[in-house]
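What follows is one structure encoded as structure tokens, with my remarks underneath.
The values are calculated or read from the model by the stated rules, or taken from the named source; none is laboratory data. Quantities reported herein were computed from a predicted structural model and do not represent experimental measurements. Here the Cβ positions follow ideal geometry from the backbone for every residue, glycine too, while neighbour counts run over all protein chains shown.
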Amino acid sequence: MQTKILLDEDAIPKAWYNIQADLPSPLDPPLHPGTGKPVVPGDLAPIFPMELIRQEMSTQRSIPIPDEVRDILRLWRPSPLYRARRLEQHLKTPARIYFKWEGVSPPGSHKPNTAIPQAYYNMKAGVERLATETGAGQWGSSLAFATALFDMECTVYMVRSSYDQKPYRKSMMQVYGAECIPSPSPRTAAGSKVLAEHPDTPGSLGIAISEAVEDAAGRSDTNYALGSVLNHVCLHQTVIGLEAREQLAMVDEYPDTVIGCVGGGSNFAGIAFPFAGDKITGKHPETEILGVEPTACPTMTKGLYAYDYGDVAGLTPLMRMFTLGHDFVPPAIHAGGLRYHGVSPLVAKLIHDGVVGASSYHQNEVFEAAVTFARTEGIIVAPESAHAVKAAIDAALECRRTGEERVILFNNSGHGNFDFSSYEAYFAGRLIDYEYPADLIRESLSHLPKVG
Ligand SMILES: *Cc1c(COP(=O)(O)O)cnc(C)c1O
């Protein structure tokens with residue numbers, strides 16, 4: 001009986017899986033924020049290289065991974081798949097729990113899976129500098145890592161509340177050679193405007209995205225890179241699920257339940273899309289696929305399925321997604337990477353079509369699950385990943401009640417080695433379980449753009 005299921009380096013996928021090829025109906029197109037008309041490639045060209053724009057809009061099922069990218073992915077891929085036997089024993093569950101471990105990448109999460117190809121395609125297009133935002137700092141350090149490997153410059157606008165909670169993430173970006181600025185900042189018009197109105201704001205991903213897009217649009221040597229949400233980001237993350245499916249097949253398993261935490265939706269897309277494809281195409285129609293989010297930022301469970309901006313200033317295209325409103329500023333919970341008002345349009349469509357389900361948890365129960373996981377499996381997970389741990393534990397406990405021997409697979413998106421101030425706050429009883437902020441959400445949803 002294996003604990004760790006490993007693939008050879010040659011088994012790193014040679015192509016990404018594009019779920020757009022298998023959707024029962026096409027995605028609603030992104031709309032230009034000025035004209036309200038469907039976006040054309042030229043609209044995105046000032047901030048993205050053409051190859052990423054092509055991938056964003058592609059309906060080709062399988063998109064080859066360049067050899068130069070696979071070569072760098074070898075630094076940590078294929079990532080291990082674990083059977084969480086000690087957790088199973090602790091829970092006294094008949095379920096078999098597997099997790100894909102993305103914390104083995106140098107920056108410590110799944111995010112380099114897309115940072116590397118994004119930096120690569122920008123480098124190929126002659127771009128010298130990338131600007132981006134980061135929530136908990138995982139994306140900023142991943143893009144800093146990627147740009148270092150391609151000799152590019154990188155500026156990261158980091159959400160203020162996380163900048164204060166996780167100072168070592170900033171140091172990590174510095175080691176990789178990137179510049180990290182707390183957001184909102186006076187460096188951009190979007191940041192200055194927020195600072196003037198709300199000097200004490202904890203910041204938000206929506207604000208930081210506005211700053212990074214403004215920075216990139218204003219300089220000819222600079223492009224923008226986004227760590228989640230967009231179709232090409234979800235595409236690059238499918239290496240997670242493609243490898244996991246292979247690894248499970250090596251032990252003659254296929255998951256009954258697939259779980260991932262959801263901020264913008266990219267690590268969830270990564271683990272889930274290959275299995276969602278099997279579900280849509282009838283190969284495995286019964287698989288339960290579940291995205292998990294914080295109750296304090298309940299995009300999928302309480303948001304509207306509507307067109308909205310990706311950022312607070314309304315600089316990005318309008319995308320049809322679940323949204324809490326682009327100017328919703330979530331409470332400063334410790335899973336900073338899950339504080340986003342929207343979600344990937346692809347994930348949103350799969351929820352809307354009933355392929356994928358969603359649930360939410362409070363911070364304290366999530367940290368309790370993370371501590372149980374650390375004390376059984378040893379790994380100290382990121383607060384974001386702990387949402388998936390909690391959902392997997394609940395699914396396994398449900399099996400204890402029903403006696404079902406389900407195969408549960410979850411994505412363990414990253415380690416918590418820079419998150420000890422959050423664990424400390426949990427043990428000190430200082431974590432607040434914010435109730436669903438109904439008034440705030442009603443207010444921000446009343447600002448949704450009018451479309452059509
Ligand atoms: C950024 C991050 C997330 C959330 O982002 P998604 O795009 O939803 O995956 C989850 N887990 C970790 C460890 C992260 O760094």
Of (1) touching an Asp or Glu at 6+ places or on another chain (Cβ under 8 Å); (2) closer than 18 Å to ARG339 by Cα, SER161 satisfies every one except (1)
Total residues in the range 154-175, condition free of Cβ contacts under 8 Å to residues at least 60 places away in the same chain and either more than 21 Å from GLY325 (Cβ to Cβ) or among the hydroxyl-bearing types (Ser, Thr, Tyr) (or both): 12
Only one of these is modelled with pLDDT under 95 and either away from the ligand (no atom under 12 Å from the Cβ) or surrounded by 22 or more Cβ atoms within 10 Å (Cβ to Cβ) (or both): PRO330, PRO285, PRO294. Name it. PRO330
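Give, as residue ranges, the helices (runs of 4 or more DSSP H) completely inside the range 8-123 that count at least 1 residues that are more than 16 Å from the ligand (Cβ to nearest atom) and within 24 Å of ARG375 (Cβ to Cβ).
Values: elements: 41-44, 50-57, 67-73, 85-91.
Counting at least 1 such residues, we get 85-91.
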Restricting the first residue to the range 231-254 and requiring it to be touching a residue at least 12 places away in the same chain (Cβ under 8 Å) and closer than 17 Å to SER413 by Cβ, which pairs with a second residue that is of a type in the set (Lys, Arg) and within 16 Å of the ligand (Cβ to nearest atom) meet a Cβ separation below 6 Å and a spacing of at least six or different chains? ILE240/LYS100; ALA244/LYS100
Quick one: count up the residues across the range 293-310 that are of a type in the set (Ser, Thr, Tyr), more than 13 Å from GLY264 (Cβ to Cβ) and not in a loop (DSSP other than H, G, I, E, B). 4
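Rundown of residues vs (1) free of Cβ contacts under 8 Å to residues at least 60 places away in the same chain; (2) small (Gly, Ala, Ser); (3) over 30 Å from ASN18 (Cβ atoms); (4) touching a Lys or Arg at 6+ places or on another chain (Cβ under 7 Å), yes/no style:
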| residue | (1), (2), (3), (4) |
| --- | --- |
| MET319 | no, no, no, no |
| LEU338 | no, no, no, no |
| HIS341 | no, no, no, no |
| ASP353 | no, no, no, no |
| THR402 | yes, no, yes, no |
| GLY416 | yes, yes, yes, no |
| SER422 | no, yes, yes, no |
Give the residue that is farthest from HIS415 (Cα to Cα), with candidates limited to residues of the range 130-144 that are in a helix (DSSP H, G or I) and within 13 Å of the ligand (Cβ to nearest atom). LEU143
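What tally of residues in the range 125-147 results from selecting those that are more than 14 Å from CYS180 (Cα to Cα) and either among the hydrophobic types (A, V, I, L, M, F, W, C) or modelled with pLDDT under 95 (or both)? Don't jump to the end; show me each part of the working.
So in the range 125-147, the residues more than 14 Å from CYS180 (Cα to Cα) come out as 125-128, 146.
Keeping just the survivors that are either among the hydrophobic types (A, V, I, L, M, F, W, C) or modelled with pLDDT under 95 (or both) gives 125, 127, 146.
Number satisfying all stated conditions: 3.
Residues that are closer than 25 Å to PRO331 by Cβ, over 18 Å from the mean Cα position of the chain (by Cα) and not basic (Lys, Arg): list the helices (runs of 4 or more DSSP H) wholly contained in the range 185-238 that include at least 2 such residues.
Qualifying helices (runs of 4 or more DSSP H): 189-197, 205-217.
Only one of these is in a helix (DSSP H, G or I), of a type in the set (A, V, I, L, M, F, W, C) and out of contact with any Asp or Glu (no Cβ under 7 Å at 6 or more places or on another chain): LEU350, LEU290. Name it.
Working: LEU290 fails: in a helix (DSSP H, G or I).
After ruling out the rest, the residue left standing is LEU350.
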Would you check which residues across the range 222-275 are in contact with a Lys or Arg (Cβ under 9 Å, 6 or more places away or on another chain), more than 18 Å from ILE5 (Cα to Cα) and more than 10 Å from the ligand (Cβ to nearest atom) and list them? THR222, ASN223, HIS232, ASP256, THR257, PRO274, PHE275
Residues of the range 424-452 satisfying the condition of being in a loop (DSSP other than H, G, I, E, B), free of Cβ contacts under 8 Å to residues at least 40 places away in the same chain and within 17 Å of VAL366 (Cα to Cα): ALA428, GLY429, ARG430
Per the filter on the range 358-376, residues in contact (Cβ under 8 Å) with a residue 40 or more places away in the chain and within 16 Å of the ligand (Cβ to nearest atom) are ALA358, SER359, SER360, TYR361, GLN363, VAL366, PHE367, ALA370, PHE373
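Just give me the residues in the range 1-58 being of a type in the set (A, V, I, L, M) and surrounded by fewer than 16 Cβ atoms within 10 Å (Cβ to Cβ), in sequence order. Even if it seems obvious, please write down each step before you answer.
Going through the range 1-58, the residues of a type in the set (A, V, I, L, M) turn out to be 1, 5-7, 11-12, 15, 19, 21, 23, 27, 31, 39-40, 44-45, 47, 50, 52-53, 57.
MET1, LEU6, ALA11, ALA15, ALA21, VAL40, ALA45, MET50, listed by residue number.
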